[in-house]
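The values are calculated or read from the model by the stated rules, or taken from the named source; none is laboratory data. Because the structure is a prediction, the values reported are computed rather than measured. Heads up, the Cβs are rebuilt from the backbone with ideal geometry, glycines too, and the neighbour counts pull from every protein chain shown.
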Amino acid sequence: MAASSRILVVGAGIAGLTTARALRLAGFRPEVVERHPATVVPTSGIFLPGNAARALARLGLDDPLRHLGQVIRWQRFLDERGEQLCRVDLAALWDGVGECRALPRDELHQVLLRGAGGEVRYGTEVTALHPRTDGVEVVFGDGTRREYDLVIGADGRRSAVRAMAALGGPARPTGRVVYRSVITGGPEVTDWTALLGDRCGLVVVPLGGGRLYCCADETGSAAPADPLDRLRQVFGGFGDPVPAILAAIRTVQVALTDEVQLGRWSYGRVVVVGDAAHATSPSLAQGAAMAIEDAVVLAEELRRATDLDEALLRYESRRRPRTKWVLDRTRDRDRTRDVPPPLRDPVLRGRGERIFQEHYRLLVDP
């Protein structure tokens, strides 16, 4: 593709901003639009495994992240009483790949926004896509129309681009309710720590600066009217450090988890990346990593392409096996959590470290 190719990235989240960064490093000058206003910023936390760090380093974004958040060296899995089931040495697992890091999402967003370069057009919604022989006509919410050589849908699991390009319907519910909160003044926690109950679990991760990111989930198909009250009902009987965490929580974000699995990722000159192409539940903490890796690979294929259609197929063929692995391992982890504790916990005490390490085996390789 020529450096002057007109490329539109739809979405200014992790997938969209890293895609814009990767494209600029490859010599392109993409436009980025976001339907939300600039005042809407992410407020939860995020855990970035070693392969996410490696992909960010490929984009030259490792240095600005080095002083943010907290490096996480251990994952600890506990039963609901707070007694250890197993632990995973993350420093050893990701040795030579990258450090695992937890940080507030808004701090990560600012790094990615600066790295993307150019201007994001906020409050700009794409309302229609009209395929052309050698491009796409895009209709925006204000009625304006523009022609692009390529449109990249990086607009998340509820992607409008995916729907308009007829690449797939709505995300499929996975039957879980997830609760997220960032707290200060809570207990001292130094490791990624999960407490597993009966068809529910609570993960707490230190973000540095005395902040903790809490992500809890339970089986369910509807969000409760009072998420904080529901958290206290479900996890009130758990052992340390949960009581102090519940006491420190003031606000809770609640959502239903879902997943996206598509037959194809592109149609004509429209392609999807990140959650728009392959969203999963958050159990494996690979959503951001897969999106950043998508950005790196897509930019590589576009930079060396002599044929755009072939480049999009090569991007998908390189990425699909890896994202399928993540989907399958995520489902494995969710099924493990849902085994009744009297059956599950003895297995995790004996083989938990090996089981959880296996979930990342393929991802250690580039």
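Return the pairs, sorted by first residue and then second, in which the second residue is of a type in the set (S, T, N, Q) and at pLDDT 95 or above, the first residue lies in region 142-165 and is within 20 Å of Phe28 (Cβ to Cβ) and surrounded by 20 or more Cβ atoms within 10 Å (Cβ to Cβ), the beta carbons are less than 9 Å apart, and the residues are 6+ apart or on different chains.
Ile152/Thr19; Gly153/Ser159; Ala154/Thr18; Ala154/Thr19
For region 25-42, which residues satisfy the criterion of being touching a strand residue (DSSP E or B) at 6+ places or on another chain (Cβ under 9 Å) and loosely packed, with under 14 Cβ neighbours inside 10 Å?
Going residue by residue through region 25-42, those that are touching a strand residue (DSSP E or B) at 6+ places or on another chain (Cβ under 9 Å) are 28-40, 42.
Scanning region 25-42 gives Pro37, Ala38, Thr39, Val40.
Condition first: in a helix (DSSP H, G or I), in contact with a Gly (Cβ under 7 Å, 6 or more places away or on another chain) and not small (Gly, Ala, Ser). Now tell me which residues in region 269-286 satisfy that.
Listed by number, the list holds a single entry, Asp275.
Taking only pairs six or more apart or across chains, which ones have beta-carbon atoms under 8 Å, a first residue in region 109-130 that is surrounded by 18 or more Cβ atoms within 10 Å (Cβ to Cβ), and a second residue that is at pLDDT below 95 and small (Gly, Ala, Ser)?
Val120/Ala38
Which strands (runs of 3 or more DSSP E) does region 149-252 wholly contain that include 1 or more residues that are in contact with a Leu (Cβ under 7 Å, 6 or more places away or on another chain) and under 30 Å from Leu129 (Cβ atoms)? Step through it out loud before you land on a result.
Working: elements: 150-153, 172-184, 192-196, 200-208, 211-219.
Filter on region 149-252 gives 150-153, 172-184.
Name every residue in region 303-331 that is surrounded by 15 or more Cβ atoms within 10 Å (Cβ to Cβ) and of a type in the set (Ser, Thr, Tyr), in order of residue number.
Once the filter is applied, which keeps residues that are surrounded by 15 or more Cβ atoms within 10 Å (Cβ to Cβ) and of a type in the set (Ser, Thr, Tyr), region 303-331 yields Tyr315, Thr323, Thr330.
If only one of Arg211, Arg230 is surrounded by fewer than 24 Cβ atoms within 10 Å (Cβ to Cβ), over 18 Å from Asp79 (Cβ atoms) and touching a strand residue (DSSP E or B) at 6+ places or on another chain (Cβ under 7 Å), which one is it?
Going through Arg211, Arg230 in turn, the sole match is Arg211.
Regarding Thr144, is this residue in contact with a Phe, Trp or Tyr (Cβ under 8 Å, 6 or more places away or on another chain) and of a type in the set (Val, Ile, Thr)?
no
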